[in-house]
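Structure first, then comments.
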Amino acid sequence: MQIHTAEFVISNSDVSKCPSEPIPEYAFIGRSNVGKSSLINMLTGRKQLAKTSGKPGKTQLINHFRINNRWFLVDLPGYGYARVSKKVKKTFQKFITDYFEKREQLVCAFVLIDIRHEPQNIDLEFMEWLGLNGIPFSIVFTKADKLKPKAAERNTQVYLAKMLEGAWEEAPPHFITSSSDGRGQEELLGYIDNINRE
Ligand code: GDP
């Protein structure tokens, strides 16, 4: 898929105020600093569409972008950052769970995982929650350029095997990406395109 247009639409913390156009929607989420903003910029070929953050956890809003006038790309806040109060964490959790429970046009969530890291409970629990709520998701491994290809493949397999040890009967679709060298862009956009054509 070629990206012809990528426009920012709205930011908010209330799912009822998200855009109402009935077009398919794809949401990107992960721990702060996982490389989400960089990935969104890489996918869309826009340097500054999503702001790459200096401070983890700064963008705590649901951000909608309209792509090719055909689908929404949603940049969700990063989770798991340390420097916020419990109260902020709770409010945050509430609007994110609201988003996933209520957003009817959501087709698939992309959960970002830093390919260098061991499986972390916070991500595994989040994906389990998505599964229990019937929300389709795929895993996007980020920063693959930081590992040699074999190590990247091995970490991916270790990760998916860990999921299969848990509650999962099959591994979710996954993508190996790098915002530095553009790896995974075609596969991920092709995946979205195929769903949009169904
Ligand atoms: P976010 O907090 O999840 O939006 O993460 P950012 O996109 O702001 O990235 C966090 C840090 O990781 C920044 O210093 C980025 O330059 C770096 N980074 C993000 N993606 C990649 C990647 O694919 N490869 C490399 N080498 N660094 C990356």
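Brief remarks follow.
- Residue 40 falls short on exactly one of the conditions (1) modelled with pLDDT of 95 or more; (2) part of a loop (DSSP other than H, G, I, E, B), and that condition is (2).
- Checked against (1) under 22 Å from residue 46 (Cα atoms); (2) in a helix (DSSP H, G or I); (3) touching a residue at least 60 places away in the same chain (Cβ under 8 Å); (4) over 14 Å from the mean Cα position of the chain (by Cα), residue 182 meets all criteria but (2).
- Restricting attention to the range 175-198, the residues that are away from the ligand (no atom under 15 Å from the Cβ) and surrounded by 19 or more Cβ atoms within 10 Å (Cβ to Cβ) total 1.
- Residues of the range 110-138 that are within 15 Å of the ligand (Cβ to nearest atom), of a type outside the set (Asp, Glu) and not in a loop (DSSP other than H, G, I, E, B): 110, 111, 112, 113, 122, 126.
The values are calculated or read from the model by the stated rules, or taken from the named source; none is laboratory data. Keep in mind that what you see is a predicted model, and the values were worked out from it rather than measured. In this analysis, Cβ positions are derived from the backbone assuming ideal geometry, glycine residues included, and neighbour counts consider all displayed protein chains.
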